[in-house]
Structures are given as structure tokens and as C-alpha cells.
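Below is one structure, written out as C-alpha cells, with a few remarks after it.
The values are calculated or read from the model by the stated rules, or taken from the named source; none is laboratory data. Only a predicted model underlies this, so the values are computations on that prediction, with no experimental measurement involved. Counting neighbours? That spans all protein chains shown, and the Cβs are built from the backbone with ideal geometry, glycine included. For the accessible areas, the whole protein counts, side chains as well, though only heavy atoms, and no ligand, DNA or RNA atoms are used. Shrake-Rupley method; radii C 1.70, N 1.55, O 1.52, S 1.80 Å.
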Amino acid sequence: MTDLTRLNAASLADLIATKQVSAVEVATAHLDRIAAVDDRVHAFLHVSRAEALAAAERVDRGEVTGPLAGVPIAVKDVVATEGIPTTAASKILEGWKPPYDATIVARLKAAGMPILGKTNMDEFAMGSSTEYSAYGPTKNPWDLGRIPGGSGGGSSAAIAAYEAPLAIGTDTGGSIRQPGAVTGTVGAKPTYGGTSRYGLIAFSSSLDTPGPCARTVEDAALLHAVIAGHDPRDSTSINQSVPDVVAAARLGKNGDLTGVKLGIVKEFAGDGSEPGVTAAFRESLDALVKLGAEIVEVSCPHFEYALPAYYLIAPSEASSNLARFDGVRYGLRTGDDGNRSLEEVMSLTRDEGFGPEVKRRIILGTYALSSGYYDAYYGQAQKVRTLITRDFQSAFEQVDVLVSPTTPFTAFPFGSRTSDPYQMYLADLFTIPTNLYGGPAISVPCGLSEGLPVGFQIMAPTMADDRMYRVAAALESAVGTLTPPAL
Amino acid sequence: MSYEDVLTRYEPVIGLETHVELGTKTKMFCGCKTDFGAEPNTQTCPVCLALPGALPVMNRAAIEATIQIGLALNCDIAEWCRMARKNYFYPDMPKNFQTSQYDEPLCVEGYVDVTVDGKEYRIGIERVHIEEDTGKTLHVGGATGRIHGATESLVDYNRAGIPLVEIVTKPVPGLGALAPEVAKAYVAELRDIVRALGVSDVRMEQGSMRCDVNTSLNLPGDDWGTRTETKNVNSLRSVERAVRSEIIRQAGILDDGGKIFQETRHFQETTGDTRSGRSKETATDYRYFPEPDLVPIAADPVWVTSLREALPEKPSVKRARLREEWGISESDMQSAANAGAVELIEETIAAGASPAGARKWWLGELARRSNELGVELSEAGATPVQVAELQKLVDDGKLNDKLARQVLEGVVAGEGDPAAVMASRGLEVVNDTGALTAAVDEAIAANPDIAAKIRDGKVAAAGALVGAVMKTTRGQADAKTVRDLILERLGAS
Ligand SMILES: [Zn+2]
């Protein structure tokens, strides 16, 4: 019998819909796989076996139908799931069970997708390796001595390790795309406002975007279609119809990109990418040209300021968003012995509950918003953001999409970048500009460098998510998908 | 050192920041109800409890009410503005930041005209902005209800997220000794304006309208002095007292060569003076920044225009009109306004009462009762329709003044409408001449000496017999009828 965990989501959905296999069988296969390998991968912080099987049974009883009905999914632990622990990989929320579902989780449930569990991540989505998880890092299925990327390393590793066919990630500066790149999987960041943030534990409100993680472009598009669309509970949600990403992915599969203009960013050249990353990227460009695409060099002069602007805006918003974790209403409370003042208890709680990277960013953001520094830091960063947006807009007058490597380097060994935060921050060099602009971007596997996956990034204009899926599917058809070594 | 003496040497500058809790059905960023007095934490949800992941969505009714207030205060309405986060840690503020407005208020540059002692003063409005209220902290286990000595602190988040409008005046110089009265008149006018809009019940006693008063003194010709901010000013009278006492306190310090420190002070209702609040060694840095969870507010000019056109008559204009219609003096109208009786009197007149009759009940019996109970006049127990009915019974001669007051007692005690109370308590004026004649004859028989005097033409002596008759009829007879009857029976008419 076929190993159900090796099938992609589209195939599983088809088998379930045609009753060739039951949703319970599919869920069970994945739960068994998790039981077999997750002690080595550590992609999951919590496995919701009972809930997943109950959801699968509802599909088998015919109570729920839909394009992905019965296809199980893993959800990043930063997304609220009713009754299922949601910690954002932080000690400060250990054991917290939300009394409500995030909008995207409610949509997964309505689509009949059993939730296998919650995936590991850098604490509060701050990091590029999962090494900042309070519950230990996730291992890259390609090499268990290396990082799976971050912050959503758990979601991407779960897919790469065949523990789940699909997963939900969130992308603030590259947290879907960079893990996708280093685990050889697909990760898409939709247009900001294209997917609801309601129920997503906020890191940086103006940047956070939930999106799909999958092993194929079409699977990512199918999941994208399930979770996207206007949500009245999110004020920043876009009230427009969702581009038909599934049709675009299927169109791209036929491998014809005649007339499509791909822009390469002049300022990304000489960026310190590993030679193997640059080589794989160049080969992919050649492959796309063979499919009919045209390559145009464009200039985005302000991209070089994206990283510093991001590291002012995101921590500033985070310093305020994370203020609610004070031990008063939920989560950890430390030092409440009847003798200490409220201020002391709040302070002890936050000191114990937050890890070093979270504290670093709270302090950075608090400083950047302080009176007397606001204009120089937060204000200036917002101006840079506007300039970067203009760079994108003028680039998209010349080309259909922009392309780049997803991240400058492949999966690095544990501990190799934790001592110098800046070395860690460089992982998001190519992904951050898109977040500041708000447009969609996708990372798709494009080959190996010294045996490790390399990601190819495609960036599109806001609300033109379909465009990136088309190009991504075309590239996938040309270079194929990647299969990691057996665990 | 008298207040008058102080004002010969110093010039005060005042400013007022007023918070008005809006009467929207639901909170500002979620669908929770805003009913007053509900069980603690029953009107809460993930949004107003700031559970991880929850997001705010703006209540359109709150924006509309804020624009209405801005328009009624002659403000310009911003075409585009944003909410801002005011960051500070406090347990009754679930997010540990307050969603407010900072440098982009919704309404700016307005004014309010108030009249004191026949002279008009224009109070500039700097800004009107929208923000959310906090929850309430309750300290239990201590003797005083304060945090000191308490064993536990409980937080009720029912109020958290209720929309608040903050109205900030420009500094007002040049008022001299009238500063306290102008401050009070401004707050009263603001209350009437907001009440007329129907967007808040503006009850200072219940905290749905709260005032902070800024006061400074300077020598004539000098720059303005350092100001203090007095909080906890919870009635119109307190506004006046707070300004007055702060002027005197500051003058005392300045006279002694001292310096005024910029600080928050608290008004003491019992003593009428202000006390220094918790001293803060460093100024709080609220780290304001634009709220990224909410899209900017861009009020459609067509909408703003329609709100402007639908504004109700200004309270000052309305008072002038009613004063004319009712034929009363400025000060009578002022006392009606201060008692919150204008609308009630108006409705009573509409229900058929004469202006004098309507005013008499609302400013007399019912005002006394509302003061005793410490409730608003509208909650003293009678409706305008009932008052009009009561007055009609008097006008028709069915009740005299004394009986009418007894009927009103029954009405406010919930015994029914005036006619029903009159019937059930048997309070109608006795007009039955047969019964009255018997009572008169009885009184004549019991007082032969007085009767003789009357027969002799000493008509004034009839008063004693009238009293006797009124006593036997328990006040239910009409005194004039009784008198006429006595004179008739004694052949003296
Ligand atoms: Zn609520």
C-alpha cells in the first residue's frame, strides 16, 4: 500500500473525496509518522491526536466537503486554536488554551482539515532558526545537526519530514519563506491583509502575515485559497476578492512563461550569498528563460535600508504588543507570594517568561519609541518603508515579478549564528523588503548547494498573489521537487 | 489672605480636560455590551480582555458620536487621522497600552460660548479625540478599599474598552476672579451640549463625565505660571471649588517666594481643597505611536455634512427661546438648567401643563426629592406626563396644593398615575354641598360664640370656623367654598 504521508495534499484530497481512502486513515498515517520521527525532528510542541481524528471522522461521515476536506494540517504555535495549547513557543504562555479560534483556524475547520498539532518556532516568531524556542529547537530533516530556519521552522520541518502534508506559517520578515528555503519546501507569504491576523499572536502588527507551507506549489495555492479572504474581525484585512491562486498554479504547471518579465534586483548582487546559493539561483533563471520568461535588471535603491528599518519597526510594535503578557490575566505568574507589589510580580513574570531574543527586541523597540528618539528611529524607519514601497511600485512598472534567492545561505549548523544577532538577522536580507512593502512572495525549492536545499523567491505586487504562484509552479515543473534523505 | 485679595495680585489661567463616556450599545473595539452595573467581567470577550491574538475593530457609532460632539463644539473634523497607542503598564488596562489619539485628533479648533453674570466668554477647544476606557481595580481585605493594606486586588473589565471622548480646551487667560465660575459654566454648557446630542448620559456623579482642571497663576505682565492638573473633580460645584482652592493654594506658595511644581493633584470633596497625587520622579514616557491594528479614520465629507445638518438646537439658543416662551428670568432659566430640568419642564408643558405649573413641580417637590435621594431629576419618580396630569387636577379644582403634594407622594411611591392615586387615597377635594353643609352646621353648633360674632358682622372671625371645617374634612374641602357657605348659613353674605 502507498505510504499516505508521501502524497501531496491535492492527491490526498482526491483519494479522500473518491472514498479510496478515509480521512481517518490519512490522519492516522500522519499521527503515526509524528510518533515515529518527531522525537528526532521536534517539529511539534503539541500533538492534538483526538481532535484531529474527530475532525477526520466528520469528513468521513460526509459532514464536511471541500477541496482539501480530510487533508490534515499542522499549525504554527503562534496561531490561537480553541482548547488546544497555544504558547508562541514561550514560557510565558506555557499551558495556555485559547477560548477561541483564530479566523484562519476556523476556516481550516470549516474546510474539514484535521489539525494534527502545533508546530515549534522561535519564541513569539522572533528568530531565523527555532533556536530561540523556549522548548528546544526543531531539527532540519535534511541534516539533524542543522537549523530548519525560522521562525516557522517547525511548520516547514514537519512538511519536509512527511509528518504533515500542509502547515500554517506566519511571515513577519521571512518566517514562512526562509524555513521553506532551507527545508526544501514551498512557503508563501500572501499580500498583507489578504489573510486574517485575528487570532495570530501579534509580533509586529503591520508586518505579520499568515500563509501556507506545502511540498508543492499547487498544494500551497490550495491552502492559500482556504485561508485567504476578508475578515471583519481584522481591521487591516483587505475587502476584495482573493486572486485565483489555484488556477494560476495550475496554469504555471504547463511550463509556459512566454512574455513574463522577471526582474532581478541590482542591489541584491554582491550581497554575500553563498556561492552554491548564487549558482542554484542562476541555473533556475536559465530554466525560466527556457520557458519563455524575460529577465530584466531593475534598481531598488532603498532595499539596502530594509534590514535596519525592519529592526526598528518590528521591535517597536513588538514592545507594545507583548506588553499584555504581565501575569495578570493568563499565562505565567511569578513571585506572587503576597508580599510583593504588583509591579514586582509583573517584572518577575516577564523576566522569567521571556527569552533573551524577545527581551532584546522589547528593549530595542522601547528605546526606538522613546520620546526624543522617536523621530530618529521609528519615524525615520517609516520613511524608509515608504521609499521601499516606491521602489517596488516602480519596479513593477517594468516587470511582472521580482526574483531573488530566498535567503543568502543554506541551513546552518546549530549555534553558529546565535552569538552574533546580526549574523542571524542576515538570513532575512532578501525576504524583509517584501514585508515592508506588503506584497506577496513565495519561496520554491530550486536545487541543492552542497547537499542542502536552496530557495528561489518570487515577489509580486500587492493583491497579485496569483502571479507568483504561476511563476513558482513553472519553476517547479522545470527543476522538480526535492526529497530529503530518509530519517 | 482672601480670594479677592489674591485676585488683585495674580492672574489665573485655566484649562479643562473633560472625559465623556459615550452611550454606545457596544464597546469601542468589540461587540460587548456597555450596560452599567452588570456583574463583574460578564461583559468581556477576547478583544477587551486583550487575549493573545485578539484584534480591535472600530465601532462606527463611537466615531459618529465623536464627530457630532466636535461639530457641536464648532470644531474642524479631520479628513484623515489615526489612532495611537499610549503605552504604560497598569493592571486595569488589559493590553498595557491605551488605544487613544495623539497628534492626529479627530476634531480640532472649536469653541464654546458661555455666559456668566450677563457677560459672554469664548472658551477655545483645542481638540476632541476618541479613546477607550480602562477597567476598574478593586482592592479587598484592607480597611480603606485602597491598595495599602489590601490582601487581594480584583479587576473588573466590564468598563474596559467603552468609548471615551476627551475634550481639551485651550488655556483660558483673562478671567480674573471669575475663573472658577467660568470653568463651571463651561462644564455645564458642555454637559448640556453633549446631552442634547443624546450620545452620552453625561452624569458626573456616575463618572460618565469626568473633569480634570488645569490652573496656573502669574503676575500681571509675566509669562503664564506653572500649571497643576487637578483630577477627581466630579460635580459642577466641585469644578468651581477646585479652581478657587487651587488659586488660593498657589498664591500662598508664590507669596512666600515658593515655586509651583507641575504635578497631578486630587480634589477632596469633603474639604474642598486639592492634595498632591503620587509624585513621579520622572515624567512618564508613553511612547505613542500610530496604532497598526486599525486602519486610519477617513470620515466621508458627505457623512460629516449630514451630521452637521442634523445637529440639534444649541442648548444656549434653546434656553433663550424657552425663556421667552415661558416668560421667566435668565436666573430662573439658569437654575432650571442647573437642575437638569429644562427638558422635563418642556415635556411637561407639551403634555398640557402651564409653564408655571410645570416649573413649580420640577423645581420644587421633585427637585427636593432628587436631592434627597441623590439621583437625577429624571429619576425622582415622576414622568412629565404624570406631572402634567397632576397639575391639571389642580387646575380643575379637584386637588388643592396640599392634596396635590400628597398625590405626588403616591405617584413617586409607584402607586400609579395621579388620578389613580387620588382615587385610591381618597384625596379629592370635597365639593358635595350636602356633606359640606353638614360639616359647616356642625362647626357653627360647636362654636356659638364665633357664630354670634359673624352674625354681628365680624366677618373676619369666619376664618376660625373654616379651620374647623377643614379639620373635620381632613383638608379635602375647598377653603373658599367653605367660607362662602359659613357666611351664607349665618346670613352674613
Ligand atoms: Zn469585548
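Ignoring any ligand, DNA or RNA, what whole percent of the accessible area of segment B:433-489 comes from carbon and sulfur when the probe is 1.4 angstrom?
54
To the nearest 100 Å², how much accessible surface do chains B and A cover up together, summed over both, with a 1.4 Å probe?
So the total buried area for this chain pair works out to about 2700 Å².
So what is the calculated 222 nm ellipticity per residue for chain B, using -39500 (n - 2.57) for each DSSP H run with n of 4 or more, over all residues, to the nearest 500 deg cm²/dmol?
Here the helix-only value at 222 nm equals -12000 deg cm²/dmol.
Does anyone have the angle between helix B:462-472 and the longest principal axis of chain B? Alpha-carbon axes, 0 to 90°, nearest 10?
Orientation of helix B:462-472: about 70 degrees from the principal axis.
Let me have the relative contact order for segment B:3-307, percent, based on Cα pairs under 8 Å that are six or more residues apart.
25
Leaving ligands, DNA and RNA out of it, work out the accessible area of B:Asp133 with a 1.4 Å probe and give it in Å² to the nearest 10.
10
Considering the protein assembly as shown, which cysteines have no disulfide-compatible partner, defined as another cysteine with its Cβ under 4.7 Å away?
A:Cys213, A:Cys300, A:Cys446, B:Cys30, B:Cys32, B:Cys45, B:Cys48, B:Cys81, B:Cys211
Along the positive direction of the dipole of the protein assembly as shown (beta-carbon charges: Lys, Arg +1; Asp, Glu -1; about the Cα centre), which of B:Met422, A:Phe268, A:Val79 reaches farthest?
B:Met422
Where does the longest stretch of chain A lie that holds no trypsin sites (Lys or Arg not before Pro) found in a DSSP loop with 10 or fewer other Cβ atoms within 10 Å?
A:62-487
Using Cα pairs closer than 8 Å and at least 6 residues apart in sequence, work out the relative contact order for chain A, in percent.
About 18 percent, as a whole number.
Just the number, please: carbon plus sulfur as a percent of the accessible area of chain A, 1.4 Å probe, no ligands or DNA/RNA counted.
51
Once you order the gyration tensor axes a ≥ b ≥ c over the Cα atoms, which shape class does segment B:3-307 get: rounded for a/c under 1.5, otherwise prolate or oblate by comparing a/b with b/c?
It is oblate, given that a/c is not under 1.5 and a/b is not larger than b/c.
Under the classification rounded if a/c is under 1.5, otherwise prolate if a/b is larger than b/c and oblate if not, where does segment A:4-253 fall, given a ≥ b ≥ c as square roots of the Cα gyration tensor eigenvalues?
Here segment A:4-253 falls in the rounded category.
Between helix B:315-326 and chain B, what is the angle of the helix's C-alpha long axis to the longest principal axis, kept within 0 to 90° and rounded to the nearest 10?
Orientation of helix B:315-326: about 10 degrees from the principal axis.
How would segment A:62-152 be classified by its alpha-carbon gyration tensor: rounded, prolate or oblate, with rounded meaning a/c under 1.5 and the a/b versus b/c comparison settling the rest?
Since a/c reaches 1.5 but b/c is at least a/b, the shape of segment A:62-152 is classed as oblate.
Pairing the Cα long axis of helix B:479-489 with the longest principal axis of chain B, what angle in degrees results, from 0 to 90 and rounded to the nearest 10?
With rounding to tens, the tilt is 0 degrees.
What is segment A:66-175's relative contact order, in percent, from Cα pairs under 8 angstrom and six or more apart in sequence?
Here the relative contact order equals 28 percent.
Rounded to the nearest 500, what is the 222 nm mean residue ellipticity of chain A from helices alone, with -39500 (n - 2.57) per DSSP H run of 4+ residues and division by all residues?
-12000 deg cm²/dmol
In Å², what does the accessible area per residue of the protein assembly as shown work out to with a 1.4 Å probe?
40
Output the pairs from B:Lys25/B:Lys95; B:Lys27/B:Lys314; B:Lys33/B:Lys136; A:Lys139/A:Lys189; A:Lys76/A:Lys139 with a Cα-Cα distance over 18 Å in this structure; if there are none, say none.
B:Lys25/B:Lys95; B:Lys27/B:Lys314; A:Lys139/A:Lys189
If you roll a 1.4 angstrom probe over the protein chains with everything in place, what fraction of the accessible area of segment B:3-307 belongs to carbon and sulfur, to the nearest %?
50
Report the Cα centroid-to-centroid distance between segment B:222-239 and segment A:199-272 in angstrom, as an integer.
What the calculation gives is 56 Å, centre to centre.
What's the magnitude of the charge dipole for the protein assembly as shown around its Cα centre, counting Lys and Arg as +1 and Asp and Glu as -1 at the beta-carbon? Answer in Debye, nearest 20.
740
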